[in-house]
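In what follows, a single structure is set out as structure tokens and then discussed.
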Amino acid sequence: MPSPVTFDPPRTVIAICGGVGGAKLALGLKHLLGERLIVVVNVADDFEHMGLRICPDLDTVIYTLSGLSDEVRGWGRAGETWNFMEAIRQLGGESWFALGDRDLALHVERTRRLAAGETLTSIIAGIAATLEIAPRILPVTDDDVRTKVVTSIGTLDFQRYFVEHRCEPTVRSISFDGATVARLNPLVSAALSSTELGAIILCPSNPYLSIDPILAVPGLSDAMRRSGVPVVAVSPIIGGRAIKGPTAKIMSELNIETTSASIAKHYTGLIDGLLIDSSDTADVEGIAAHVHATPTLMTDLPSRIVLARETLAFAARLAAG
């Protein structure tokens, strides 16, 4: 077990997280912090499909932190089978969104418990406990927030854009339906105001599709600023491109330079520090926040732990002044 990075005294850390990219760093943080880690997760990717509530980012975090994720495909559960999807295709049903047989169990159980009146927060906590996940996993809100992507072929629900159309349409703008009336999860609010909090980390998830809908929930950004602890973002840009997902494509289509400097500008007024890849040191000029350069490519568990350690150490230095 890696030795932990601690603040003095030991404190909790909040990670603001989307799906795959953010979950990788969250896993590294888990190995260093254990139960002192709180992961606040995007819910704007959630949708109803085949009568089931699907929560892609929450499920990715659950599978990653429990050791159940498929490291080869990069998403979903390991050891997955696809009998359900094959049967759906035979019946002429919708097959554009793949639901594995093991993955299906999570969606069915969550949908059942939601219908019985349980909150999403409570359901996720129960599942995490069953899977012996030490960090707390918190949906940013229990209310419905849904990402809408205005594209060259019209306005699409996020999963239609991301999965069915494979991010191919040109993005014109992005909005988050329901965000203005969503209520911040009380447990998130309490964590942000706790005297035990040591740092807040914005994981290297897509800022526009994964982090922005979290920050769009009223009260969250203000609570982060009031927390009095360092807020550190990890840039998803490496060598002028994004390793995973459509971040670079979306930035280009929105006329935003694909640089870590653009990421810093996007988070202006919110972050105290930005952690960038060593190959992007030319981006430092013009960044108002403190910057720390280090290798940020996460290819395996050791590299995720190393990046987590660098991020925590950076935050600790900022906290120390």
All conditions in (1) crowded, with 18+ Cβ neighbours inside 10 Å; (2) assigned to a loop (DSSP other than H, G, I, E, B); (3) modelled with pLDDT under 95 are true of Gly21 except (2)
Search the stretch 59-97 for residues being touching a residue at least 24 places away in the same chain (Cβ under 8 Å), among the hydrophobic types (A, V, I, L, M, F, W, C) and assigned to a loop (DSSP other than H, G, I, E, B), and hand back the single one that is surrounded by the fewest Cβ atoms within 10 Å (Cβ to Cβ).
Trp96
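Consider Trp75 carefully, then state whether it is over 18 Å from the mean Cα position of the chain (by Cα) and among the aromatic types (Phe, Trp, Tyr).
So Trp75 does not fit the description; no.
Okay, residues lined up against (1) on the phi < 0 side of the Ramachandran plot; (2) of a type in the set (A, V, I, L, M):
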| position | (1), (2) |
| --- | --- |
| Ala105 | yes, yes |
| Val108 | yes, yes |
| Thr111 | yes, no |
| Glu132 | no, no |
| Lys148 | yes, no |
| Ser152 | yes, no |
| Leu156 | yes, yes |
| Val171 | yes, yes |
| Asn185 | yes, no |
Just one of the numbered conditions (1) of a type outside the set (Gly, Ala, Ser); (2) surrounded by 13 or more Cβ atoms within 10 Å (Cβ to Cβ); (3) more than 20 Å from the chain's Cα centre (by Cα); (4) assigned to a helix (DSSP H, G or I) is not true of Glu118; which one?
(4)
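The values are calculated or read from the model by the stated rules, or taken from the named source; none is laboratory data. Source: prediction; values computed, not measured. Reconstructed Cβ throughout: ideal geometry from the backbone, glycine too, with neighbour counts over all protein chains shown.
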